[in-house]
Amino acid sequence: MKQEEKMLLGRLKQALNPDLKTTVITEECRERELSQIFETAKRHTVLPLLFDVYEDDSHVAEGYGEVLRQSAVVTVRSNYRLLFLTKYITQLLEKEGICAILLKGAATASYYPVPELRKSGDVDILIPREESFQRAVELLKKEGFIECEDQFTQHHIELKNDEGISVEVHSILAEPFESRKMNQYLETLLLAYEEHVIQNDSWGITIYQPGDAYHAFYLVVHMLQHFLRAGFGLKFLCDWTVFWNREVAEEEKETFLCLVKESGTKGFVTVLTKACMEYLGLREQSAGFLLEKSELPGETDLKRLAEEFMEEVFAGGEFGHDDRQRMVAMRGTGITAYIREFHHQMHLNYPKVGNIFLLWPLLWLLTLWRFLHNNRAIRKVKGWDILKEAGRRSRLIDRMKLFS
């Protein structure tokens, strides 16, 4: 990792753990690296979290201090707008007998030292019962929400209110993975999410969210979904750190371990947890149980794997936007993995007709054309470079024994 990336991690560690002693950074290093630290933090949407860390730092130039203040103010205002929009939506649906569960957002932010500084961009609501999903969408449309013309995913419908704020109504936890077994497992969990709803009153209003085990599992699924595509940024790692740096009941821990073992995500969770311990202040006494009974090979150097994982996070930036050559990471490293992923992309691109066997040759050609066209015309990169990058990232995934 670059020096400014290590320094950013040190400052985020302070922000997430206010009781830690201040990291000593020389004035010379500050002048040389501060602009890069702020720029990287902005790309990863964690800049507001640094406000309290730098607020009383006399060595920070006035310009940088103003940037932090503005970032914090905008984030706080946006978060309260989203919070009350969440309350309005869940109460509206509750009156109609529809269970609506908040995913991430204010639920996860409530565990931060300063919840208002955790940046959110939209409202994610899970409707666990299939028969209630379309009714929930129609109710929101009657209340003035507009369904977006372009829907780019299969697992939720995006609507917007008159302020342009996105509300994603989820019918399932994540976009289908390449692993059919994982997709079937996620479907079986929907009613469990309804059975494990808890109230969170920490904001001064009541929001309904998953219980700790299912909350943590959704964080894993959401991170994994982005990681297998273009990648994700530091904010998700901050979420993981603050979530476990608190008291969690033993039965919730046991349930969570069952969920990750049954889903085949234990290796991913192990590496993720180790990275947060090494760089963001996740306490071993709080989350050490996640490293026990590791399913990774005995010769695996977990610390080195965590470092490579963190380098991967920095390389892609928030949702992989920093690297145009990034698209997916595959499960496996041989030619079979490429074929399997290509077939999976065909199903994602054409979900309504992808199950018609006779149409597969045509759909494969259309998927290939879309891949080549988008890379050349939109992303301005060579398809071969993307395939090589996918292979490199897949080797990291392979070492995590994902879905095995």
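The values are calculated or read from the model by the stated rules, or taken from the named source; none is laboratory data. This is a predicted model, so every value here is computed, not measured. Note that we place each Cβ from the backbone using ideal geometry, even for glycine, and neighbour counts take in every protein chain shown. Each accessible area value is taken on the protein alone, full model and side chains, heavy atoms only, with ligands, DNA and RNA left out. Shrake-Rupley method; radii C 1.70, N 1.55, O 1.52, S 1.80 Å.
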Exercise. Could you check how many residues of region 235-248 are in a loop (DSSP other than H, G, I, E, B), of a type outside the set (S, T, N, Q) and out of contact with any Asp or Glu (no Cβ under 8 Å at 6 or more places or on another chain)?
Key: 2
Practice problem: List every residue pair whose Cβ atoms lie under 8 Å apart, where the two residues are 6 or more positions apart in sequence or sit on different chains, the first residue falls within region 256-268 and is over 18 Å from I397 (Cβ atoms), and the second residue, located anywhere, is open to solvent by less than 10 Å² (accessible area, probe 1.4 Å). | Solution: F256/A213; F256/A216; F256/F217; L257/L290; L259/A213; L259/F217
Self-check item: Failed condition for H196, given (1) at pLDDT below 90; (2) in contact with a Phe, Trp or Tyr (Cβ under 8 Å, 6 or more places away or on another chain)
Solution: (1)
Quiz prompt | Counted residues, region 351-375 - those being at pLDDT below 70 and either in contact with a Lys or Arg (Cβ under 8 Å, 6 or more places away or on another chain) or part of a loop (DSSP other than H, G, I, E, B) (or both) | solution = 1
Quiz item: Which condition number does K160 fail, the rest of (1) among the charged types (D, E, K, R); (2) touching a Phe, Trp or Tyr at 6+ places or on another chain (Cβ under 8 Å); (3) farther than 22 Å from T45 by Cα being met?
Solution: (3)
Quiz item: Among the residues of region 284-308 satisfying the criterion of being closer than 23 Å to Y112 by Cα and touching a residue at least 40 places away in the same chain (Cβ under 8 Å), which is surrounded by the fewest Cβ atoms within 10 Å (Cβ to Cβ)?
Solution: S286
Quiz item: What residue, among those in region 1-54 that are β-branched (V, I, T) and assigned to a helix (DSSP H, G or I), is modelled with the highest pLDDT?
Solution: T40
Self-check item: Selection count where residues are open to solvent by 10 Å² or more (accessible area, probe 1.4 Å) and either under 18 Å from K119 (Cα atoms) or of a type in the set (K, R) (or both), scope region 220-244
Solution: 5
Exercise. Evaluate the following for D162: is it under 30 Å from G281 (Cβ atoms) and either free of Cβ contacts under 8 Å to residues at least 60 places away in the same chain or crowded, with 21+ Cβ neighbours inside 10 Å (or both)?
Key: no
Practice problem: Please find, among F217, F232, the residue that is among the aromatic types (F, W, Y) and part of a loop (DSSP other than H, G, I, E, B). | Solution: F232
Quiz item: Which of (1) free of Cβ contacts under 8 Å to residues at least 40 places away in the same chain; (2) in contact with a Leu (Cβ under 9 Å, 6 or more places away or on another chain); (3) surrounded by 17 or more Cβ atoms within 10 Å (Cβ to Cβ); (4) not small (G, A, S) is the odd one out, the single condition I146 does not satisfy?
Solution: (3)
Quiz prompt | Sole residue being over 22 Å from F403 (Cβ atoms), assigned to a helix (DSSP H, G or I), free of Cβ contacts under 8 Å to residues at least 60 places away in the same chain and touching an Asp or Glu at 6+ places or on another chain (Cβ under 9 Å), chosen from E251, E278 | solution = E278
Quiz item: Where in region 86-199 are the strands (runs of 3 or more DSSP E), entirely inside, with at least 3 residues that are farther than 30 Å from F51 by Cβ?
Solution: 156-160
Exercise. Would you confirm whether any residue within region 124-137 is among the acidic types (D, E) and crowded, with 16+ Cβ neighbours inside 10 Å?
Key: yes
Quiz item: If you scan region 188-209, which residues turn out to be small (G, A, S) and either open to solvent by less than 30 Å² (accessible area, probe 1.4 Å) or under 18 Å from D124 (Cβ atoms) (or both)?
Solution: A192
Quiz item: Does L272 fit the bill of being open to solvent by less than 20 Å² (accessible area, probe 1.4 Å), without any contact (Cβ under 8 Å) to a residue 60 or more places away in the chain and under 26 Å from Q3 (Cα atoms)?
Solution: yes
Quiz prompt | Any chance Y185 is over 24 Å from A109 (Cβ atoms), of a type outside the set (A, V, I, L, M, F, W, C), open to solvent by less than 40 Å² (accessible area, probe 1.4 Å) and in contact (Cβ under 8 Å) with a residue 40 or more places away in the chain | solution = yes
